[in-house]
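Before anything else, here's the structure in question.
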Amino acid sequence: MAGGLLLSAAAAALLTAALPAHNPSSGFDDPPPDKIVIDVATVNGSGCPQGSAAVAVSADNTAFTVTYSDYLAQAGGDSAPTAYRKNCQLSLLVHVPQGFTYAVAGADYRGFASLQPGASSTQRASYYFQGSPNTEYRSHAFAGPYDDNWQATDTTDWAQLVYAPCGVQRNFNINTELRVNAGTTSPGQVSFMTMDSTDGDISTIYHLAWKECPQK
């Protein structure tokens, strides 16, 4: 299931796990001129039912977006017991032009939250390449009363960027989660957090850094 929507964006987390050998050459390079293609290998989770997540690549190859259209967590009132937590796991197959490798340098998330007094919510994300032994999680907390759009950005220090291994095809895995806690909210009141909006889909933008692979 590959998609095609290029919209503006929403919250993040980044890779710091060690990868196998085949390190790219030093120095940062311009994006490859050839268009990169991203296919969705698998998509699973309560926050991204089938057909509700799409991926698109920017025209200049500096970013890609993931668009969700049914990603909402809620708690309180008559909410279902499992509705307080929603998650989505995407496994992406990134077709990179020969001789190049990439890293995720940053990610921007946003959505809408309506939190009653006493309620709270958390957005969490992690990213890792297939075969990477470690995963680092980043999270952003919000507290009620809150009734507005939310936005969060994570960045990785250039020196800490983790690149895909050169010459090896590894899927790029994205795990995101929204969690809402009713806390001390009055009975009957509902709090929610979404990674989409009432007037259309909201995308998450992942910013790419590029390097040329060493000549063999």
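The values are calculated or read from the model by the stated rules, or taken from the named source; none is laboratory data. For clarity, every value in this text was computed on a predicted model and none was experimentally measured. As a convention, Cβ positions derive from the backbone with ideal geometry for all residues, glycine included, and neighbour counts pool all protein chains shown. For the accessible areas, the whole protein counts, side chains as well, though only heavy atoms, and no ligand, DNA or RNA atoms are used. Shrake-Rupley method; radii C 1.70, N 1.55, O 1.52, S 1.80 Å.
Out of L92, L14, which single residue is open to solvent by less than 60 Å² (accessible area, probe 1.4 Å), of a type in the set (A, V, I, L, M, F, W, C), at pLDDT 80 or above and in contact with a strand residue (DSSP E or B) (Cβ under 8 Å, 6 or more places away or on another chain)?
Unique residue meeting the criteria: L92.
For the range 35-54, indicate whether the set of residues that are touching a Gly at 6+ places or on another chain (Cβ under 9 Å), at pLDDT below 75, under 25 Å from P214 (Cβ atoms) and open to solvent by less than 60 Å² (accessible area, probe 1.4 Å) is non-empty.
No: the range 35-54 contains no residue that is touching a Gly at 6+ places or on another chain (Cβ under 9 Å), at pLDDT below 75, under 25 Å from P214 (Cβ atoms) and open to solvent by less than 60 Å² (accessible area, probe 1.4 Å).
Next up: Using beta carbons and a limit of 6 Å, which pairs, at least six apart or on different chains, have the first residue in the range 103-119 and among the hydroxyl-bearing types (S, T, Y) and the second one assigned to a strand (DSSP E or B) and modelled with pLDDT of 85 or more?
That search, which allows pairs on different chains as well, returns S114/D147; S114/F192.
Filter the range 106-126 for residues that are over 13 Å from E177 (Cα atoms) and of a type in the set (A, V, I, L, M); which is farthest from the chain's Cα centre (by Cα)?
Ranking the qualifying residues of the range 106-126, first place goes to A119.
Of the conditions (1) buried (at least 22 other Cβ atoms within 10 Å of the Cβ); (2) within 21 Å of K86 (Cα to Cα); (3) modelled with pLDDT under 80, T156 fails just one. Which one is it?
In the conditions (1) buried (at least 22 other Cβ atoms within 10 Å of the Cβ); (2) within 21 Å of K86 (Cα to Cα); (3) modelled with pLDDT under 80, T156 misses (2) alone.
Sticking with this one: Only one of Q98, Q130 is open to solvent by 60 Å² or more (accessible area, probe 1.4 Å), polar (S, T, N, Q) and within 20 Å of V43 (Cβ to Cβ). Can you tell me which?
Q130
Report whether or not D78 is open to solvent by 10 Å² or more (accessible area, probe 1.4 Å) and within 30 Å of G118 (Cβ to Cβ).
Criteria met by D78.
Could you grab me the full set of residues in the range 133-148 that are open to solvent by 80 Å² or more (accessible area, probe 1.4 Å), over 20 Å from N87 (Cβ atoms) and modelled with pLDDT of 80 or more?
P145, D147, D148
Let me ask something additional. Which one of S186, S197 is modelled with pLDDT under 75, open to solvent by 30 Å² or more (accessible area, probe 1.4 Å) and in contact with a Gly (Cβ under 9 Å, 6 or more places away or on another chain)?
Within the list S186, S197, the selection yields S197.
Are there any pairs, at least 6 apart or on different chains, whose C-beta atoms fall under 8 Å, with the first in the range 80-94 and touching a residue at least 12 places away in the same chain (Cβ under 8 Å) and the second among the hydrophobic types (A, V, I, L, M, F, W, C) and in a loop (DSSP other than H, G, I, E, B), and if so, which?
Every condition considered, the pairs that remain are Y84/A182; C88/C48; L90/C48; V94/I36; V94/A164.
Do we find that Q151 is farther than 16 Å from A103 by Cα, modelled with pLDDT of 80 or more, within 16 Å of the chain's Cα centre (by Cα) and open to solvent by 30 Å² or more (accessible area, probe 1.4 Å) in this structure?
Yes.
Give A119, A107, A164 a once-over and let me know the one that is touching a strand residue (DSSP E or B) at 6+ places or on another chain (Cβ under 9 Å), modelled with pLDDT of 80 or more and more than 23 Å from A54 (Cβ to Cβ).
Answer to the selection: A119.
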